[in-house]
Each structure stands twice: as C-alpha cells, then as structure tokens.
Amino acid sequence: MSYDLKNILLVENQNSIALEMQNYLKKSGFTNVFIANNVAEASDFILTIKPDLILMDISLGGRISGIDIIKWMSLSYKIPFIYLSSDEDDETLQKAAETNPVAIVKKALYLTELEEAILKVFK
C-alpha cells in the first residue's frame, strides 16, 4: 500500500538512525518522509509542510527536548505524533505520556513496532 499523500516528519538528531528509518518507511509505502536533525529544522518543517504525522525523538541532544517541541506544536496544531525513545528514565517517559502520543516506541525495537503505530494513524 502507498501513502503518497501523507507527509511524515521524522525528528532525529542521529543522522544514521534517521536515514535508516526513512529508508524503511519508504520501503513500507510512506514516500513523503522528511528528516529534521534539530529543533530549528523541526520547527521549520512543522510550519511549512504541515505534516500528517510527527515521529519525535525524545532526546535531541540539546536543552530543548522532543517533548518541548510537541508541547509547543500542540498549542497551534493538532498533529498526531509518536515518540522515539532510547533509554529515557521513568520520569521522562511519564512526561512524554502526559502529552498523549499515539505511541512511545523504543528505538531498539522500532522498525516493526513503528510501522504498526503509524498504521494506527493512517488506517
């Protein structure tokens, strides 16, 4: 199945992981996958492409987290989102859960689990 008309924004500060995820998603039929490697790029993409789904890394390696970006975005936009998690502590995962994501996907298990979570949004 192809999801050509759906724009997915992938916010991931580790470029190798972002490219691997983008390639996997494209092979799964999600052809419009945009990558943002930092907060500024993520903000620009949210404002310009108006994604249908955001895949958000919780830890972006700076002062501003993926949770912070989602909170900002949620003030103006109602875009479904899925968090991507490495080894966040329980408090961080609780803060993430409070923003009502579609799912929180562990990066170690992410490809199949991520595709299942995306399909929930686009079914």
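Using just the alpha carbons, could you tell me how many Å³ per residue the convex hull of the stretch 1-44 encloses?
45 Å³
Multiplying the sequence separation of Thr48 and Glu91 by 0.36 nm and subtracting their Cα-Cα distance, what value in nm do you get?
Gain in length upon complete extension: 12.2 nm.
Could you work out which residue, out of Ile82, Ile49, Ile67, moves most in a Gaussian network model of the chain, that is, has the largest mean-square fluctuation with Cα springs under 10 Å?
Maximum among the listed residues: Ile49.
Find which of Leu10, Leu47, Gln22 sits farthest along the positive direction of the dipole of the stretch 2-119, computed with +1 on the beta-carbon of Lys and Arg, -1 on that of Asp and Glu, about the Cα centre.
Leu47
Can you tell me the dipole magnitude for the stretch 1-46 around its Cα centre, using point charges on the Cβ only (Lys, Arg +1; Asp, Glu -1), in Debye to the nearest 20?
My answer is approximately 200 debye.
Rounded, prolate or oblate: pick one for the stretch 59-123, where a ≥ b ≥ c are the square roots of the eigenvalues of its C-alpha gyration tensor, a/c under 1.5 means rounded, and failing that, prolate if a/b is larger than b/c, else oblate. The partial results should precede the final answer.
Values: a/c = 1.93, a/b = 1.11, b/c = 1.74.
Note, shape of the stretch 59-123 comes out oblate.
Which value at 222 nm does the chain reach when only helices count, each DSSP H run of 4 or more adding -39,500 (n - 2.57), with the total divided by all residues and rounded to the nearest 500 deg cm²/dmol?
After summing the helix terms and dividing by the residues of the chain, the value is -13500 deg cm²/dmol.
Run the dipole for the chain about the Cα centre, Lys and Arg Cβ at +1, Asp and Glu Cβ at -1, nothing else charged, and hand back the magnitude in debye, nearest 20.
Here the chain has a charge dipole of around 460 debye.
Mind telling me which of Met21, Met73, Met56 comes out most flexible in a GNM of the chain, alpha-carbon contacts under 10 Å?
Met73
Give me the net charge for the shell around Ser85: Cβ to Cβ below 12 angstrom, other residues only, Lys and Arg +1, Asp and Glu -1.
-4
Bear in mind that the values in this text are calculations on the coordinates, not laboratory data. Only a predicted model underlies this, so the values are computations on that prediction, with no experimental measurement involved. Neighbour counts run over all protein chains shown; Cβ positions are idealised from the backbone, glycine included.
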